[in-house]
1. For region 247-286, enumerate the residues that are open to solvent by 40 Å² or more (accessible area, probe 1.4 Å) and under 24 Å from L296 (Cα atoms).
2. Before we move on, is E263 away from the ligand (no atom under 16 Å from the Cβ) and touching a Lys or Arg at 6+ places or on another chain (Cβ under 7 Å)?
3. Would you please name the residue that is surrounded by the most Cβ atoms within 10 Å (Cβ to Cβ), looking only at residues in region 121-151 that are part of a loop (DSSP other than H, G, I, E, B) and small (G, A, S)?
4. All but one of (1) aliphatic (A, V, I, L, M); (2) surrounded by 14 or more Cβ atoms within 10 Å (Cβ to Cβ); (3) not in a loop (DSSP other than H, G, I, E, B) hold for A320, so report the exception by its number.
5. Considering only region 14-41, how many residues are open to solvent by less than 90 Å² (accessible area, probe 1.4 Å) and part of a helix (DSSP H, G or I)?
6. Considering only helices (runs of 4 or more DSSP H) fully contained in region 152-246, which possess at least 1 residues that are away from the ligand (no atom under 15 Å from the Cβ) and surrounded by 18 or more Cβ atoms within 10 Å (Cβ to Cβ)?
Amino acid sequence: MLKTTTVGSFPKSEELKSARAKVRRGQMDRAHLRSLEEQATRDWIRIQEEIGLDILVDGEQYRGDMATYFAEHLEGFTISSLVRSYGNRYYRKPIAVEAIRWTRPITVEWFTFAQKLTQKPVKGMLTGPYTMMDWSFDENYPNRRAFCLDLARAIHEEVKALEAAGAKFIQIDEPAVSTRVEEVELAIEAMKICTKGVRVQTGTHICYGDFEKVYPKILNLAVDQIDLEFTNSNFALLGLIRKVPFTKEVGFGVVDVHSHRVETVEEIKQSIRRGLELFEPSKLYVDPDCGLKTRLKEEAIAKLINMVAAVREVRKELGAQTVRS
Ligand SMILES: [Zn+2]
């Protein structure tokens, strides 16, 4: 009960970031970058084991933007020059110029690399079709639905490839789902295609947006688990879930990824106890609100150490209660 995990990304070192830039400028060969990415992945697997997390991630040391990374590996996309978004952040946006097609595995090699380093399960980590569509330009499709459903079929191929490679848990992130209320049904239709016939555990991560407008509709997403940021909203989501019960496993964010401050063990225990008022311990997975890539490495580690310590103490309390009753 109360399994611990993380949402997906970990901070990258300055060395790795500058290496990526050098490769783009033609000042470093890809093989050198690859060896740095592999070393960073090894480091993050070891760190997660030392912290004592139950379900690990590869840390996404080899990815840039979560939509662009997948677009670079699918047929039918080209990548724009730098586009400005979110204030002063710049990124390269995917452009669909032909029908989107999956022709080869995208994440399987990195999944396998990470899984070989540990006995613990490593999550397969994908970006969902709705978010891929919403974060891309489209110069090919007649409408957003056609674009989104083609992406869903492509991602379904990747899900099957990860399952065949031994992934026990596949997370298909859909952060954009809560940003356009009028398209929730489309996101649901697309997710159904992604996970069709899949036997392993599946989940999705949703963040930003107007959660109150898409809940409880998102409970129709065809996954076993929905992961949400609870801490950043000061647990306002619990009020909604109190009115309409959650019918899936929950990924329960107890660590704010936008704050430098490291939550104390006692604070995190309080947060978990609030969650336990509404969720069974076997269906409550404890994790940070979102990916930790924006934090300093030391902050990310300190937050996770306290998170795992808090979970261990709450598990003990729950065990004691079971013995008494
Ligand atoms: Zn997120």
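1. Across region 247-286, the qualifying residues are H258, H260, R261, V262, T264, E266, E267.
2. yes
3. G128
4. Going through (1) aliphatic (A, V, I, L, M); (2) surrounded by 14 or more Cβ atoms within 10 Å (Cβ to Cβ); (3) not in a loop (DSSP other than H, G, I, E, B) one by one, A320 breaks only (2).
5. 18
6. Numbers: elements: 184-194, 211-214, 237-243.
Where helices (runs of 4 or more DSSP H) fall fully within region 152-246 and carry at least 1 residues being away from the ligand (no atom under 15 Å from the Cβ) and surrounded by 18 or more Cβ atoms within 10 Å (Cβ to Cβ), they are 184-194, 237-243.
Here is a yes/no grid of residues against (1) over 20 Å from K297 (Cα atoms); (2) not hydroxyl-bearing (S, T, Y):
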| position | (1), (2) |
| --- | --- |
| T4 | no, no |
| V7 | no, yes |
| E15 | no, yes |
| R20 | no, yes |
| D29 | yes, yes |
| I47 | no, yes |
| G52 | no, yes |
| S81 | yes, no |
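The values are calculated or read from the model by the stated rules, or taken from the named source; none is laboratory data. Please read these numbers as outputs of a predicted model, since none were measured by experiment. Cβ atoms come from the backbone with ideal geometry, glycine included; neighbour counts cover every protein chain shown. The protein model used for the area step is the full one, side chains on, heavy atoms only, and it has no ligands, DNA or RNA in it. Shrake-Rupley method; radii C 1.70, N 1.55, O 1.52, S 1.80 Å.
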